[in-house]
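First the structure, in the form of structure tokens, and then the observations on it.
The values are calculated or read from the model by the stated rules, or taken from the named source; none is laboratory data. The structure presented is a predicted model; accordingly, all values stated were derived computationally and were not measured. Neighbour counts run over all protein chains shown; Cβ positions are idealised from the backbone, glycine included. For the accessible areas, the whole protein counts, side chains as well, though only heavy atoms, and no ligand, DNA or RNA atoms are used. Shrake-Rupley method; radii C 1.70, N 1.55, O 1.52, S 1.80 Å.
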Amino acid sequence: MDMTYLTPDQLRTLFSSAMSDMYRSEVPQYQTLLDLVDEVNQTVLADNPALKQALEERGELQRLSLERHGAIRVGRADELAMLRRLFAVMGMYPVGYYDLSSAGVPVHSTAFRPVDEAALQQNPFRIFTSLLRLELIQDQTLREQASQILQQRDIFTPALKQLVELAEQQGGLNAAQGQALITEALETFRWHDTATVDAATYQALLQQHRLIADVVCFRGPHINHLTPRTLDIDAVQLRMPDYDITPKAVIEGPPRQHCPVLLRQTSFKALQEAVRFTDGSTGQHTARFGEIEQRGMALTLKGREIYDRLLNNALTHLAGEQNNASYQQQLSQAFETFPDHEDTLRTQKLAYFRYRLSDKGREAAPLSSLPILEQLIDDGLVLAEPIIYEDFLPVSAAGIFQSNLGDEDKALQAGQGNQDAFEDALGTAVLDPFQRYADLEQESLNRTLKQLTASDFA
Ligand code: OOG
Ligand code: NI
């Protein structure tokens, strides 16, 4: 038997491309969106040689065309726990806790994603994973009914569970086992056009909240979108109608800036898809949509606090603004005080940076004594490059959820997060995203300073 194991990075790449192929065949608009994003990205790169070079040096160019995130929603604690084990085999770990209940969406979430530098460079595939909070359903009978329905399903094939166990025992999977894992995993995330309930039950759950019906009434957590990364989200938003795609009204996240920060996102509305209920009747379900994102630099806690404050201020008078141009203009005004210069963001410790030696630094090594970092940067011996934000934003996520819920949907009463309950379900604590970025920054700094002083550094 083949005893060489695929690396988690290889498995994740196989998985993300298999998911992408599956979603392409399930939702043809996704292919259209990929084409549009690719076209815009090529134009941006052709027009901005400096950006192209920077992306190349940061190892981001190669991952750009395969970069995606997806999203799923599950209904039971043990489903979330099993997903954690499955994703761990692919080198994806839960990072961050997102409370969506404060925006009236009855879920809480984490993002499964790679965490170390090499893995992120290989393929940063992330899955935003939400757990339904049944306790937020106010109608007690319906809550119990939903829970009973969920109890009856198994979203994982027996073969998938065996393969995850095997991977955990052996410490990996060989090529054949890895392929089998991917094939079986697709069964969990595929779309089912038959519901597990009758039409009346579906309607009752839908009345509570569209998301509740989406999670409870189907055999599995169908992937509900896959999101490519664009270098110019404003261009994609503008051009979507040319491709017969209607974008949501406004782009979520920070305004357009010279130094892009965090994450900007837009989506197109969920499709209406035919479903068959157990009583033989048919209906329409809207769950699956398309989304694009533009990623910028990761902010420190201090930077993030400023972002949150400015955004919340802006949203108090922007709520309901449906015109993207006007929305973006007002948002830019609201962010006027937010530094838009790499050096300022770095020296004020608002964003995370990765340090490395320049050619000049390489030649100058070894230094017998080390000046302070700013001096090394001023002298051109050390380069500082922004670290890309790999996570999500709760306010934006709520906006994406809501744009797909339809106008008739009312938000549930605002609730509170419950990270402890989420982590109990998950079976582990989520990783702290800020700590991850801080670690990446510190590791790069240590490595660079060591290289500057080591005499044997070639
Ligand atoms: C997830 C919505 C959030 C994002 O990119 O912020 C999200 C969902 O609809 O399940 O995907
Ligand atoms: Ni998304």
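At a glance:
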| quantity | calculated |
| --- | --- |
| Angstrom value of the Kirkwood radius, inverse mean 1/r, which spans all Cα pairs in segment 261-404 | 18.9 Å |
| Distance (nanometres) between label positions extended 7 Å along Cα→Cβ at residue 78 and residue 378 | 6.4 nm |
| Segment 1-93: Cα Rg divided by the 2.2 N^0.38 Å rule of thumb | 1.38 |
| Rounded FRET efficiency, nearest 0.05, which uses the C-beta distance separating residue 284 from residue 139 and R0 of 22 Å | 0.40 |
| Cα-derived Rg to Rh of segment 185-225, Kirkwood definition | 0.99 |
| Taking the chain and dividing mean pair separation by its residue count, relative contact order in percent (alpha carbons under 8 Å, at least six apart) | 20 percent |
| Contour minus Cα-Cα distance for residue 414 and residue 25 (0.36 nm per residue) | 136.3 nm |
| Backbone N within segment 217-242 under 19 Å of label point (7 Å from residue 256 Cα along the Cβ vector) | 229-242 |
| Cα centroid separation, segment 17-75 to segment 289-312 (Å) | 20 Å |
| Theoretical FRET efficiency, 1/(1+(r/R0)^6), r = Cβ-Cβ of residue 170 and residue 17, R0 22 Å, to 0.05 | 0.40 |
| Förster-model FRET efficiency, 35 Å R0, residue 3 and residue 65, C-beta, rounded to 0.05 | 0.60 |
| Gain upon complete extension [residue 453, residue 343; 0.36 nm per residue less C-alpha separation] | 37.1 nm |
| Pairwise label distance in nanometres, residue 364 with residue 309, each label 7 Å out on the Cα-Cβ vector | 3.6 nm |
| Mean Cα-pair separation over length for segment 1-120, i.e. relative contact order, pairs under 8 Å, 6 or more apart, % | 23 percent |
| Normalised convex hull volume, segment 332-403, alpha-carbon set, Å³ per residue | 128 Å³ |
| Rounded if a/c under 1.5, otherwise prolate or oblate - segment 20-61, Cα gyration tensor axes | oblate |
| Hypothetical label at residue 117: residues of segment 358-378 whose amide nitrogen lies under 17 Å (7 Å Cα-Cβ projection) | 358-359, 361-362, 377 |
| Tensor-based shape of segment 37-158 (alpha-carbon gyration tensor, a/c under 1.5 rounded, otherwise prolate or oblate) | prolate |
| Alpha carbon centroid spacing (whole Å) that separates segment 146-202 from segment 1-15 | 19 Å |
| Label point distance in nm, residue 242-residue 428, each placed 7 Å from Cα along Cα→Cβ | 4.5 nm |
| Per residue accessible area of the chain, 1.4 Å probe, in Å² | 43 Å² |
| Per-bin percent of Cα-Cα distances, the chain [10 Å] | 4, 19, 29, 26, 14, 5, 1, 0, 0 |
| Helix 8-26 axis, angle to the chain major axis (alpha carbon atoms, nearest 10°) | 50 degrees |
| Mean Cα-pair separation over length for segment 173-306, i.e. relative contact order, pairs under 8 Å, 6 or more apart, % | 27 percent |
| Dimensionless Rg/Rh of segment 322-449 - Kirkwood Rh, Rg from C-alpha atoms | 1.12 |
| Residue-averaged [θ]222 nm for the chain, counting only DSSP H segments that reach four residues, each worth -39500 (n - 2.57) | -14500 deg cm²/dmol |
| Sorted peptide list for 14-27, 132-145, 68-81, criterion being average Cβ within 10 angstrom, highest first | 68-81, 14-27, 132-145 |
| Whether segment 235-319 is rounded, prolate or oblate, judged on the alpha carbon gyration tensor where a/c under 1.5 counts as rounded | prolate |
| Within the accessible area of the chain (1.4 Å probe), percent carbon and sulfur | 49 percent |
